Structure formats: structure tokens, C-alpha cells
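Just so it is clear, none of the values below were taken in a lab; they were calculated from the coordinates. Please read these numbers as outputs of a predicted model, since none were measured by experiment. Cβ sites come from the backbone with ideal geometry, for glycine too, and all protein chains shown count toward neighbours.
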Amino acid sequence: MGRVRVGAVGDVHLDRDVVGRFRPALDDVAEHADILLLAGDLTRHGTPEEAECVAAEFGGLDVPVVAVLGNHDYHGDRVTEVTGILQAAGLTVLEGEGTVVETQNGNLGVAGAKGFGGGFAGRCATAFGEPEMKDFVRHTEFSASLLTKALESLECDVRVALTHYSPVPDTLQGEPLEIYPFLGSYLLAEAIDAVPTQLAIHGHAHAGVERGVTPGGVRVRNVAHPVIRQAYSVFVIDQTC
Amino acid sequence: MKDEYLLAQVQRLLAEDGGELGIDALRRDDTLVLRGEVESADRCREVERRVADAFPELTILNELTVPRVHKPQESEELTGRPAAAGATSEDRH
């Protein structure tokens, strides 16, 4: 076993006006990474036309591309079509599922789920009161349970969790405190900590920071494009340690 | 209009009609300052136009920027394992 290189970016918000911006930096992605992860908000409004832009920008790369969708990708209520367009371009789209990619340095497993909000331990929303409130919290609970099952299903050398929403408050520093409950949930961190995981990748928090850690000690990286300010970031996971 | 209501209207206009959720609006007298990041120069202009159309009485100072898309210049080496929150020094070894 050796060093697995994980490329990742989120929140690229593609539409016709952005097509071609990322591509020059992606054409030699295999020189930098063994896999490219897309942490949701791939489109602007979740339309099939915008999904075609994502397909053009991130399809046909010389490494596997694995994605989750984000809240923007759900806005148009056309998730099935959006997902189908991305899959037709060769992208793997995860929602409560896992996939294993063989690299020359070992098998990399990715478990993906969009996740949702609710906030963080001690200040989180609870499934109490109005049905709308209970639905909100239960959606996050459901997403977190899918993430745990997806992580558990992976038989691999390196396990990575991929979400759009953040599992920790660490990577939200810089965002207004008032909107933390809309940016992530501790339930995602709890799901990640339940299974041995080497890295957790998320997006969504444009004004946040890159680095955090779950209560269980799993590194968390916010790869929202406005945060990383490059086409993608690269994380090298050394399995010999 | 009270500043708070104006800023809320601007925020909702940009999010619900334009899909731009990461833009801060700040009122300075008759000027509305727009700050944040969008993914193209076209969107910088589009955001300004939307706000100008909705609030023609305001002068708009557009400070939106577009993040770069260059190749990564370095990678982050993830070796070992960070200490879990609340771990004792004994736990860390």
C-alpha cells in the first residue's frame, strides 16, 4: 500500500458562462490525483441544461470522477435527469451509496450523500413541534444513516466520506453563526466517526475555511471553490502511517 | 425602506431568482455594496443588473470577485491521525 491522491472541489455552479474555465486545469488531472471528487452544487439551478455543462467540463477525464449533488442541484426538482446526464458522461453520482476505485496505490472507497442541515451538538435542531420542523431534522437523520451504511459497505484500503453539507463547525469559521444550522449537521460527523474513515470532504460553506476534524478524529476538508481558490485541491493519504 | 428590510430583499432576490446565495449586501448611505464570489464575470454583471433593476434609487458598488481556477500548486499530505476532540494525552499515543 502506498499513497493515494484524492483531488476534490465543490460548488463549481456551472452554467454556460462557466464552461471551459475549469477544463484547462483538468486535462492533466492524472498527474496530480488518482480520483476527482465533486462535493455538490455542480450546477446553478439544477437544470438539465446546466448538468450538460457539468458533463462537458468534468466528463472524459483521465481519472474517475465521483460526485454528490448539492442543494443547488435539487433546486430545479429534476434530480433524476440531472443525475442521468452526469452518469452518461461517465461520472459516478452517489446518494447513500459507495463506490470503490482501484488505484495503483490501493483501493479507494468513497461513500457519498448530500447530507443536510440542523446544526451542531448543543445547538442543533430537534425533531419536535411542527411537522415541518420534524421533517427537516428527519431528513438529516435519514441522510446520515445512508452515509453510515454506505461507509460500512465499502471494502477498501482507504475510506473517504463525500458530502455537500458540513459534518463539523470547524470548517464553517467565517460564515455567520446564525446560518450554521443551514450549513451542516453533527449527525454527519457521527455517521463518519462510526466507521473507520481517513478523510471527509464537503463543500457548501463558501465563506468557511479548509480544515477541520470530527470529534472522532477524522480530518475534514471544505473544498468549496471560493474557499480553495483553485481548480481542485489534492490530498495525499499515506496508508503506511 | 429600513436597511434591514432592504438587505433581506436583496439577499432573497439574488438567491431565489438568481441562485446566488453567497453574496453580502451592505448599505452605505445611498450606496449598496455587493461583496462575495461568483463563478464568472458575466455573473458579476448579472447580479448588479438584477439589483439595479429592483432598486433603481440606489447606487451600486460592485465588489464581487471570481475565484481562480488554476491547477493545484501543492498537495496536502495526510499522515498519521489527528487527535479526537476531548482525547487525553494518553489517548493520543
ask   = Just a yes or no: is a residue in the range B:39-55 closer than 29 Å to residue A:214 by Cα, in contact with an Asp or Glu (Cβ under 7 Å, 6 or more places away or on another chain) and within 11 Å of chain A (Cβ to nearest Cβ)?
value = no
Within the range A:186-241, considering residues that are among the small types (Gly, Ala, Ser), part of a loop (DSSP other than H, G, I, E, B) and more than 8 Å from chain B (Cβ to nearest Cβ), the one farthest from the chain's Cα centre (by Cα) = A:194
ask   = Hey, among the residues in the range A:10-45 that are touching a Phe, Trp or Tyr at 6+ places or on another chain (Cβ under 7 Å) and more than 9 Å from every other protein chain (Cβ to nearest Cβ), which one's surrounded by the fewest Cβ atoms within 10 Å (Cβ to Cβ)?
value = A:36
inquiry  = Checking residue B:26 against (1) part of a strand (DSSP E or B); (2) closer than 21 Å to residue A:43 by Cα: exactly one of these is not met. Which one?
reply    = (2)
inquiry  = Quick check on my filter: what residues within the range B:56-86 are farther than 30 Å from residue A:198 by Cβ, in contact with a helix residue (DSSP H, G or I) (Cβ under 7 Å, 6 or more places away or on another chain) and within 10 Å of chain A (Cβ to nearest Cβ)?
reply    = B:66
query = In the range B:30-42, which residue that is in a loop (DSSP other than H, G, I, E, B) and touching a strand residue (DSSP E or B) at 6+ places or on another chain (Cβ under 9 Å) is farthest from residue A:19 (Cα to Cα)?
reply = B:30
inquiry  = Let me confirm something: among A:110, A:100, A:160, which residue is touching a Leu at 6+ places or on another chain (Cβ under 7 Å), within 26 Å of residue A:239 (Cβ to Cβ), surrounded by fewer than 20 Cβ atoms within 10 Å (Cβ to Cβ) and not basic (Lys, Arg)?
reply    = A:100
message = It is to be established whether one or more residues within the range A:161-178 are aromatic (Phe, Trp, Tyr) and at the interface with another protein chain (Cβ under 9 Å from one of its Cβ atoms).
response = no
query = In this structure, does residue B:16 turn out to be free of Cβ contacts under 8 Å to residues at least 60 places away in the same chain, among the charged types (D, E, K, R), surrounded by 14 or more Cβ atoms within 10 Å (Cβ to Cβ) and on the phi < 0 side of the Ramachandran plot?
reply = no
query = If you scan the range A:79-97, which residues turn out to be over 17 Å from the mean Cα position of the chain (by Cα) and surrounded by 18 or more Cβ atoms within 10 Å (Cβ to Cβ)?
reply = A:85, A:89
note = Flagged in the range A:128-158 as part of a helix (DSSP H, G or I), out of contact with any helix residue (DSSP H, G or I) (no Cβ under 8 Å at 6 or more places or on another chain) and either charged (D, E, K, R) or touching a residue at least 40 places away in the same chain (Cβ under 8 Å) (or both), in numbering order, are A:132, A:134, A:135, A:138, A:146, A:149, A:150, A:152, A:153
